[in-house]
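Before any comments, here is the structure.
The values are calculated or read from the model by the stated rules, or taken from the named source; none is laboratory data. Just so it is clear, the model here is predicted, and its values are computed rather than measured. Virtual Cβ from ideal backbone geometry, glycine too; neighbours counted across all protein chains shown.
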Amino acid sequence: MPEKQLLPDEPEEKRIQYLTNSAAKIEENFSYTHHFTEEELSEKKDALSETAIDISNVNADFADVKKEFKKQLKAKSQVMVDLISALKFKSEQVTGTVYMIDYQDEGVMGYYNEKGELVSQRKLLQGERQLSLLRAIGEN
């Protein structure tokens, strides 16, 4: 009947020498099940706890990085939406200073940007027609 363990109190080198000399055959890369001792189980549990903590920390860092990349992606996506809209409509909505010039003869108010481009126009309001009369009186 085979013993559970051979030469447990001998140094590993001496035990391997005995096993080599006594073996009928030696097979390399043979897979077998190793049952853990209580000490080995405790070490595995400690390693598992440390690994779980490390994973938790990495996940927290990942969430922060993901949040930052998401913010960058949102900004870039908005730029892309704006560019697509500009290309689609071949124009863009601009907010800026306009200079309103009244054309009394035509009854129109022209809106000019700082480049001197006509950006909008509308009919003169009743009060704006009177303004030109006051201006005409002031010029005389």
Report whether or not Tyr18 is farther than 30 Å from Glu114 by Cβ, among the hydroxyl-bearing types (Ser, Thr, Tyr) and either in contact with a strand residue (DSSP E or B) (Cβ under 9 Å, 6 or more places away or on another chain) or surrounded by 10 or more Cβ atoms within 10 Å (Cβ to Cβ) (or both).
yes
Out of (1) modelled with pLDDT of 95 or more; (2) surrounded by 10 or more Cβ atoms within 10 Å (Cβ to Cβ), the odd one out for Glu39 is which?
(2)
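Which residue, of Ile55, Ile26, is in contact with a helix residue (DSSP H, G or I) (Cβ under 8 Å, 6 or more places away or on another chain) and without any contact (Cβ under 8 Å) to a residue 24 or more places away in the chain?
Numbers: Ile55 fails: in contact with a helix residue (DSSP H, G or I) (Cβ under 8 Å, 6 or more places away or on another chain).
Unique residue meeting the criteria: Ile26.
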Among the residues of segment 25-84, which ones are part of a helix (DSSP H, G or I), among the polar types (S, T, N, Q) and closer than 28 Å to Gln5 by Cα?
Ser42
How many residues are assigned to a loop (DSSP other than H, G, I, E, B) and over 31 Å from the mean Cα position of the chain (by Cα) if we restrict to segment 85-127?
14
Answer yes or no as to whether Val98 is aliphatic (A, V, I, L, M), surrounded by 10 or more Cβ atoms within 10 Å (Cβ to Cβ), out of contact with any Gly (no Cβ under 7 Å at 6 or more places or on another chain) and in contact (Cβ under 8 Å) with a residue 12 or more places away in the chain.
yes
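Between Tyr103, Tyr112, which is closer than 30 Å to Leu125 by Cβ, surrounded by 10 or more Cβ atoms within 10 Å (Cβ to Cβ), in contact with a strand residue (DSSP E or B) (Cβ under 7 Å, 6 or more places away or on another chain) and at pLDDT below 95?
Values: Tyr112 fails: at pLDDT below 95.
Unique residue meeting the criteria: Tyr103.
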